[in-house]
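Engineer: Below you'll find the structure I mean.
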Amino acid sequence: MGAGKQDGHNGISYADAGVDISAGNALVEVIKPLAKATARAGTDSALGGFGGLFDLKACGFKDPVLVAANDGVGTKLRIAIDSGLHKTVGIDLVAMSVNDLIVQGAEPLFFLDYFATGKLQVEEARDVIAGIAEGCRQAGCALIGGETAEMPGMYHGGDYDLAGFAVGAVERVNILPRADVGPGDVILGLASSGPHSNGYSLIRRLVELSGLAYADTAPFAPGKTLGEALLTPTRIYVKPVLAALKASDGIKALAHITGGGFLENIPRVLPASTVAEIDLAQVPSPPVFGWLQKTGGVSEREMLRTFNCGIGMICVTAPESAAEVARLFEAQGEHVVTLGTIAARSGSEEQVKPRGKLAL
């Protein structure tokens with residue numbers, strides 16, 4: 001073999017180095033209809049340019065403030081990869097960003113994704129991106145672009161990673177949390193669909209302890225494999241929250257319950273002078289959390305600081321508006337519970353004061 005030659009080729013190509021440009025081009029063509037299906041006011045969802053365009057004026061805002069968020073799916077991807085189930089992690093990717101936007105009162109407008117892998121498998125990538133498009137549909141935002149990176153040597157085997165970026169807008173006068181959160185306000189909780197996309201490093205460790213394979217029947221979800229059950233996608237709260245915000249002025253604050261659970265996320269939207277008193281007995285914990293707790297003997301406090309435990313979003317309302325807001329959420333298909341109230345904080349006590357026990 002002569003210098004600079006490789007099995008009859010004129011020289012080493014990008015494909016020889018492990019990157020298949022034609023596969024990337026094929027993927028773009030496959031996903032164009034998926035992106036187009038997410039079109040909304042402000043965009044035509046065309047792919048292929050250097051950047052995605054969005055016309056904010058077309059959305060009818062008068063004095064908008066842009067709100068941006070980015071996130072990933074974390075090690076939940078490891079379960080998707082190991083089980084070969086790729087169709088729902090894209091929903092998780094969108095959910096983690098748009099749920100962060102909505103807690104500030106912002107309407108998600110558009111989304112971009114980043115998909116990185118060692119070897120691009122077009123059908124697998126299409127499944128992932130179809131999930132992203134479905135998440136955008138649920139959130140009412142447009143998938144206007146993204147990036148697919150094939151990086152041999154950085155990722156191995158069938159491994160891939162995801163990141164997502166969402167931008168929303170809110171009228172300046174409607175930004176949350178409001179400054180008037182105070183003692184007597186009511187805390188409502190919106191039920192989660194399961195662990196959402198947090199705590200999966202612990203979940204995977206607990207699966208190892210259980211001795212179960214992802215193809216085995218889930219002990220807490222008859223009729224589903226363990227992989228299917230643990231990949232239940234994150235609930236997207238955007239449309240129900242936007243509907244409630246439009247219909248009532250009683251919502252003062254919202255908090256997306258992600259990593260850190262109640263203990264770390266609720267304080268992010270409270271004045272320093274207040275404390276959230278939470279009745280844990282009111283938390284509607286899906287069976288997965290009881291199985292996780294029992295499998296590893298996980299303490300209640302560890303559960304509370306790692307998982308959402310059954311509540312994916314909390315809403316602080318004026319007391320006179322609590323029943324109305326709860327009805328608005330229920331009309332949108334949400335399971336709503338009254339978790340507690342806001343009280344005055346005493347000294348340096350923690351800003352979340354749980355009482356009772358989780359019904360795990």
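The values are calculated or read from the model by the stated rules, or taken from the named source; none is laboratory data. Every value quoted in this text rests on a predicted model; they were computed, and no experiment measured them. Note: ideal-geometry Cβ built from the backbone for every residue, glycine included; neighbour counts use all protein chains shown. Just so you know, the surface numbers come from the protein's heavy atoms only, side chains and all, with ligands and any DNA or RNA stripped out. Shrake-Rupley method; radii C 1.70, N 1.55, O 1.52, S 1.80 Å.
Engineer: With the cut-off at 30 Å, tell me which of the pairs Lys32/Lys62; Lys76/Lys294; Lys32/Lys119 have Cα atoms farther apart than that.
Structural biologist: Going by Cα-Cα distance, Lys32/Lys62 fall outside the 30 Å limit.
Engineer: Then there's this: Compute the signed sum of charges (Lys and Arg +1, Asp and Glu -1) over the other residues within less than 14 Å, Cβ to Cβ, of Arg355.
Structural biologist: Neighbourhood net charge equals -2.
Engineer: Okay, moving on. Using just the helices of the chain, give the 222 nm mean residue ellipticity in deg cm²/dmol: DSSP H runs with n ≥ 4 each add -39,500 (n - 2.57), and the total is spread over all residues, rounded to 500.
Structural biologist: -9500 deg cm²/dmol
Engineer: Give me the Kirkwood hydrodynamic radius of the stretch 133-271, using the inverse of the mean 1/r over all pairs of distinct Cα atoms, in Å to one decimal.
Structural biologist: Taking every pair of different Cα atoms in the stretch 133-271, averaging 1/r and inverting gives 18.8 Å.
Engineer: So what are the radius of gyration and Dmax for the Cα set of the stretch 245-285, in Å?
Structural biologist: Spelled out, the Cα radius of gyration and Dmax of the stretch 245-285 are 12.1, 31 Å.
Engineer: Additional query: Evaluate the distance, in nm, between pseudo-label points positioned 7 Å from the Cα of Glu171 and of Thr75 along their respective Cα→Cβ axes.
Structural biologist: My value for the distance between the label points is 4.5 nm.
Engineer: While we're here: Each residue of the stretch 227-241 in turn: what ³J(HN,Hα) in whole Hz from Karplus with 6.51, -1.76, 1.60 and θ = phi - 60°, glycine and Pro shown as x?
Structural biologist: x, 4, 5, 6, 9, 3, x, 4, 6, 9, 9, 4, 5, x, 5
Engineer: Here's a follow-up. So with the 1.4 Å probe, I'd like the accessible area per residue for the chain, rounded to whole Å².
Structural biologist: 44
Engineer: State whether the chain is rounded, prolate or oblate according to the following rule on the C-alpha gyration tensor (a ≥ b ≥ c being the square roots of its eigenvalues): a/c under 1.5 gives rounded; otherwise a/b larger than b/c gives prolate, and the remaining case gives oblate. Could the numbers behind the result be given before it?
Structural biologist: Values: a/c = 2.45, a/b = 1.46, b/c = 1.69.
The shape class here is oblate.
Engineer: Residue-wise, which Karplus ³J(HN,Hα) couplings in Hz belong to the stretch 53-61, taking 6.51 cos²θ - 1.76 cosθ + 1.60, θ = phi - 60°, and x for glycine or proline?
Structural biologist: Per residue, the Karplus-derived 3J(HN,Hα) values read 9, 9, 9, 5, 4, 5, 8, x, 6 Hz.
Engineer: Gly199's amide H: which non-local residues (gap 5+, or another chain) put their own amide H closer than 5 Å, with H modeled 1.01 Å from N in plane and none for Pro or chain starts?
Structural biologist: Excluding prolines and chain starts, which carry no amide H, there are no hits.
Engineer: Under 10 Å, Cα contacts only: if you run a Gaussian network model on the chain, which one of Val337, Val186, Val283 comes out with the highest mean-square fluctuation?
Structural biologist: Maximum among the listed residues: Val337.
Engineer: Then there is this: Can you give me the distance in nm between label points at Thr338 and Arg205, each placed 7 Å from the Cα along the Cα-to-Cβ direction?
Structural biologist: Result for the modelled spin labels: 3.9 nm.
Engineer: Further question: Quick check of the Kirkwood formula: for the stretch 53-128, what is the inverse mean of 1/r over all pairs of different Cα atoms, in Å?
Structural biologist: That comes to 14.5 Å for the stretch 53-128.
Engineer: Also, quick follow-up: If each residue of separation counts as 0.36 nm, what is the full-extension length gain between Glu277 and Lys62 once their alpha-carbon separation is subtracted? Before the final figure, lay out each step's value.
Structural biologist: Working: separation 215, 0.36 × 215 = 77.40 nm, distance 3.74 nm.
Residue separation times 0.36 nm, minus the Cα-Cα distance, leaves 73.7 nm.
Engineer: How large is ³J(HN,Hα) for each residue in the stretch 298-303, as worked out from phi by the Karplus curve 6.51 cos²θ - 1.76 cosθ + 1.60 (θ = phi - 60°), to whole Hz, x for Gly and Pro?
Structural biologist: 6, 5, 4, 5, 5, 4
Engineer: Net charge near Val325, counting Lys/Arg +1 and Asp/Glu -1 over other residues with Cβ under 14 Å of its Cβ? Provide the component values of the computation, followed by the final result.
Structural biologist: Numbers: positive: Arg178, Lys246, Lys252, Arg327; negative: Asp185, Asp249, Glu320, Glu324, Glu330, Glu334.
Neighbour charge sum, excluding Val325 itself: -2.
Engineer: Still on this model: Quick one: which residues, 5 or more positions from Thr234 or on another chain, have an amide H under 5 Å from its amide H? H modelled 1.01 Å from N in the peptide plane, none for Pro or chain starts.
Structural biologist: Under 5 Å from the amide H of Thr234 lie the amide H atoms of Asp92, each far enough along the sequence or on another chain.
Engineer: Is the stretch 136-209 best put as rounded, prolate or oblate by its Cα gyration tensor, with a ≥ b ≥ c the root eigenvalues, rounded for a/c under 1.5, and otherwise prolate when a/b is larger than b/c, oblate when not?
Structural biologist: Cα axes put the stretch 136-209 in the oblate bin.
Engineer: In the chain, once you exclude exposed GluC sites (Glu not before Pro) (DSSP loop, at most 14 other Cβ within 10 angstrom), what's the longest stretch remaining?
Structural biologist: 1-348
Engineer: I've got another one for you. Rounded if a/c is under 1.5, else prolate if a/b is larger than b/c, else oblate: which is the stretch 71-219, with a ≥ b ≥ c the root eigenvalues of its Cα gyration tensor? Show your work: numbers first, answer last.
Structural biologist: Details: a/c = 2.61, a/b = 1.41, b/c = 1.85.
Oblate, since a/c reaches 1.5 and b/c is not below a/b.
Engineer: For Ile144, which sequence-distant residues (separation of 5 or more, or a different chain) have an amide H within less than 5 Å of its own amide H, given hydrogens modelled in the peptide plane?
Structural biologist: Long-range HN contacts for Ile144: Phe111.
Engineer: Measure off, as a whole percent, the carbon and sulfur share of the 1.4 Å-probe accessible area of the chain, all protein chains present.
Structural biologist: 52
Engineer: Taking 0.36 nm per intervening residue step and subtracting the Cα-Cα distance, what contour gain separates Ala23 from Tyr155 on full extension?
Structural biologist: Answer, rounded to one decimal: 45.8 nm.
Engineer: As a test question: what accessible area, to the nearest 10 Å², does Met151 have when a 1.4 Å probe is rolled over all protein chains in place?
Structural biologist: Only protein atoms counted, so the area is about 60 Å².
Engineer: At 7 Å along the Cα-to-beta-carbon direction for both Glu320 and Glu147, put a label point, then send me their distance in nm to one decimal.
Structural biologist: Taking the two extended label points, one gets 5.1 nm.
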